[in-house]
1. What is the spin-label model distance, in nm, from Ser360 to Thr206 if the labels are put 7 Å beyond Cα along the C-beta direction?
2. I want the local charge near Thr189. Using Cβ-Cβ distances under 15 Å, sum +1 for each Lys or Arg and -1 for each Asp or Glu among the other residues.
3. Sort the following peptides by mean Cβ neighbour count (other Cβ atoms within 10 Å, averaged over residues), highest first: 412-421, 106-115.
4. Fewest Cβ neighbours within 10 Å first, please rank Trp354, Trp129, Trp468 accordingly.
5. If I take R0 = 22 Å and measure r between the Cβ atoms of Arg328 and Cys220 in this structure, what FRET efficiency does the formula 1/(1 + (r/R0)^6) give, to the nearest 0.05?
6. Taking the simple approach of a point 7 Å from Cα along Cα-to-Cβ for both Lys136 and Thr425, what is their distance in nm?
7. Please compute the modelled spin-label separation between Ser122 and Ser300, points set 7 Å along Cα→Cβ, answer in nm with one decimal.
8. Taking the Cβ of Ile321 as the center, what net charge do the other residues with Cβ under 14 Å away carry, scoring Lys and Arg +1 and Asp and Glu -1?
Amino acid sequence: MKGLNLWPNPNSCILRRSSSSKLNAVNRVSRPPSPVVRFHCSLSQRSLRCAVLGAGFAGLSVVWHLLKNDRYIETRKVLQSDRYLILQHSPKELDLRIDIYDEVGIGGGASGISGGLLHPYSPKVNLLWEGAQCWKDSIKLLKVAEEASVSRDCKIGQSDENVKAFAYQKRFNYILGILRLATNLKNMTKLNANVKTSLPSCRVDTLSKEAAQELVPGICVPFDTAFYMPEALNIQSQNYLQALFWSCENLVTESSTFDSGKKLLQLHRRPVNRLSEFDGEYDAVIICLGAKVNMLPEFSGRLPLRTCRGVIAHLELPDDISEGYPERGPSILSDAWIAVKSPRELHVGSTWEWKSSNSSPSVSPDEASSALTELLPKASVIYPRIMNWDFTGARAGLRAMPPLTSLGSLPLLGCINDIMEGNQTCKYWLFGGLGARGLLYHGWLGNLMAHAVLSSDEGLIPLELTSWKNTIQFSDFNKQTEFH
Ligand SMILES: Cc1cc2nc3c(=O)[nH]c(=O)nc-3n(C[C@H](O)[C@H](O)[C@H](O)COP(=O)(O)OP(=O)(O)OC[C@H]3O[C@@H](n4cnc5c(N)ncnc54)[C@H](O)[C@@H]3O)c2cc1C
């Protein structure tokens, strides 16, 4: 197995480790020693074989960042005549083979059906942990994907309607922002206090009832005040993921022209039944299986994740009603959310069915009917005209919800060889627990994960994201032999 030691640009903002005293305390809790994973570094070995399990927001973001590694300089310490020499070369020379495994294909899990709402705030408009960085990196990936979809349109001389829809919205800023409305006084007070600390790059403006109704005629505005995030986005998730994959393919093509190292990328549509399938084949296995990760025999429900199924109802305006949703109107967040897909197509979400293990995107008539019974009254409090829209179908997904910490619900990242039984010949990395905020987290965390994998150094991931490993019972994981 080959190992690499790629260190980040010293100016990179993701070098720092947490200074949170609470987390440092957690990290002082003693852990059993990690099984030794040996990495043989030699200048003649500059190849890395990675398996990325899952082609959702997490998986594709890691793949893109693994391929786009030219920010980093490989640094090696070589002992020569009693002195350490620091040797550096650009990882553009790296031979990198990436195999993506997904049983459904791109966007086969929660990512493909998600509401597509993107902003860096909690429901009370509190900036989420590292919200500024997450926001910036997600927007960067959206741009990258948009460029790939536009260049593909140009290349094939005809445009795929779906992708055009995604690109069009971004390029012409079609979906203008998100309106947040409070339906009770307690929330209203909190929102009012929190808007003062909003990010300049995704600001939250306070609007009067009249101004809100100008954006969305017919909207009800409790307490005569609405909160407007003009830069927040509503994207077509499935189209975005397809375009992000094209962008990864473009990086591979470009590297064959500009880099001396070979890059290979392949998507395999097949199920992953157990992690041991990959041992020996790869140097690094990055597990991005969303809510189904705990179903692998190596984990069998022992990762600190809870599952929660959500149904989204799709509505269309009947032909005999001419006045649709405003052409450039914002999406709405309230007790239910309304994501605008076009002036005549809205998605309303979402339900929260905790402990469900049903990851199927298909929704039975009974499930759809109870979702509508729950969602429509909530949505109609804010947008009564929704009662005129026709139900056309529903889709569902399973969220992987991480534990709540003092910093919020943070995704679970890290190298997991130390919590797995046996001697592995490759490094296993977990990138999971994106909860209900996968779009926001996937950009920055995909970058961090790629960085850590290329450097074979978990220390590049902030402690806040790896400290979950201190809270799990190692004895539980050692029971895994029962499942082999
Ligand atoms: C109803 C709903 C609405 C949402 N709305 C939003 C929103 O508006 N904004 C937002 O930011 N987030 C939203 N989310 C959350 C977001 O969808 C998730 O955080 C995100 O999709 C998680 O991404 P992931 O890549 O970790 O997992 P997934 O997208 O689930 O990807 C996992 C992939 O792994 C594959 N896979 C799983 N098991 C196996 C196996 N054994 N073998 C092979 N392949 C396998 C799956 O096919 C899938 O493609 C929503 C979630 C739901 C359920």
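Every read-out reported here was derived from the displayed coordinates using simple, explicitly stated rules and does not represent laboratory data. Predicted model only: the values in this text are computed from it and were never measured. So basically every Cβ, Gly included, is an ideal-geometry build from the backbone, and we count neighbours across all protein chains shown.
1. So the label points at Ser360 and Thr206 sit 4.9 nm apart.
2. Neighbourhood net charge equals +4.
3. Sorting 412-421, 106-115 by mean packing, highest first, produces 106-115, 412-421.
4. Trp354, Trp129, Trp468
5. 0.60
6. Label-label distance for Lys136 and Thr425, simple model: 4.2 nm.
7. 3.7
8. Surrounding charge for Ile321 is -4.
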